[in-house]
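What follows is a set of notes on a single structure, which appears directly below.
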Amino acid sequence: MDALRAIYTRESTKDFSVQQIDDRVLQTIVNCGMSAPVGMRRYDTLHLTVIQNKELLDEITEVADMRTAERPHAPLYKAPTIILVSSKFEREDHIEYANVACVIENMTIAATALGLGSVYLWSVIRVLKANPSLLNKLELPQGFVPVSILALGYPPQPIAEKDAPRHTIKANIIR
Ligand SMILES: Cc1cc2nc3c(=O)[nH]c(=O)nc-3n(C[C@H](O)[C@H](O)[C@H](O)COP(=O)(O)O)c2cc1C
């Protein structure tokens, strides 16, 4: 799939099959994350943690479970792989959040191009940060703070390819 088509096709997958991603595909997605733009080239302020360990995924799911009648989904949508993106925070302007979003976005587009489903997860992070014993199991390097998660896996049905945007953001041109 070419880049434009992958961008138009990407959508949040909120139901994953149990099939795991193979290591070659995973490495390509991680490589695409590493190819993201990062302010002042501070790639050393970022860290990726790939989690495929079922027990750990189940524990995160259990701790972060916020299911209600209106929001009945499991927090990680049963994704077989998650990539946690963490950052050191050094700047007052919080550029770190923008860096993490660029890394996640590159990986989600790559995942789409490779036929995978993905979803950006933010709300689980607050729960992780509030649970020191779980945070400890993530083996983050000293000084790194979890910022966002990309959940990855195969959707039950392939995502239908699209060649136009599904959402609208108002835009104007000043000439
Ligand atoms: C910064 C960010 C945080 C998000 N956090 C969550 C989240 O915590 N849980 C969730 O289910 N979806 C989350 N999403 C997915 C959005 O809900 C989704 O992208 C949006 O509804 C548009 O739908 P689409 O991705 O299918 O185009 C997040 C997306 C972004 C960009």
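The values are calculated or read from the model by the stated rules, or taken from the named source; none is laboratory data. Since we're looking at a predicted model, the values are computed, not measured. Cβ atoms come from the backbone with ideal geometry, glycine included; neighbour counts cover every protein chain shown. The accessibility values were calculated without ligands, DNA or RNA, using every heavy atom of the protein model including side chains. Shrake-Rupley method; radii C 1.70, N 1.55, O 1.52, S 1.80 Å.
Where the only charges are on Cβ atoms (+1 Lys, Arg; -1 Asp, Glu), what is the dipole of the range 17-175 about its Cα centre, to the nearest 20 debye?
Using Cβ point charges on Lys, Arg, Asp and Glu, the range 17-175 gives about 440 debye.
Grab the Cα-Cα distance for ASN31 and LYS162, subtract it from 0.36 nm times how many residues apart they are, and report the gain in nm with one decimal.
That pair, ASN31 and LYS162, stretches by 44.7 nm at full extension.
Out of the total accessible area of the range 2-140 (probe 1.4 Å, heavy atoms of protein only), what percent is carbon and sulfur?
53 percent
What does the extension gain come out to for LYS170 and ALA130, with contour length at 0.36 nm per residue minus their alpha carbon separation?
10.7 nm
Pull up the cross-link candidates among the lysines for LYS78, meaning alpha carbon to alpha carbon under 16 Å and not fewer than 8 places away within one chain.
Straight-line reach from LYS78, under 16 Å: LYS14, LYS54.
Got a sec? Which residues in the range 140-162 would a label at ASP44 touch, if it sits 7 Å along Cα→Cβ and we count backbone N under 11 Å?
none
Applying the Karplus parametrisation 6.51 cos²θ - 1.76 cosθ + 1.60 with θ = phi - 60° to the phi angles of the range 48-62, what ³J(HN,Hα) value in whole Hz is obtained for each residue in order, glycine and proline being reported as x?
Result, ordered by residue: 10, 10, 8, 10, 10, 5, 4, 4, 5, 4, 5, 5, 4, 4, 5 Hz.
Of MET40, ALA171, LEU152, which is farthest along the charge dipole of the chain in the positive direction, counting Lys and Arg as +1 and Asp and Glu as -1 at C-beta?
ALA171
Under the classification rounded if a/c is under 1.5, otherwise prolate if a/b is larger than b/c and oblate if not, where does the range 3-153 fall, given a ≥ b ≥ c as square roots of the Cα gyration tensor eigenvalues?
oblate
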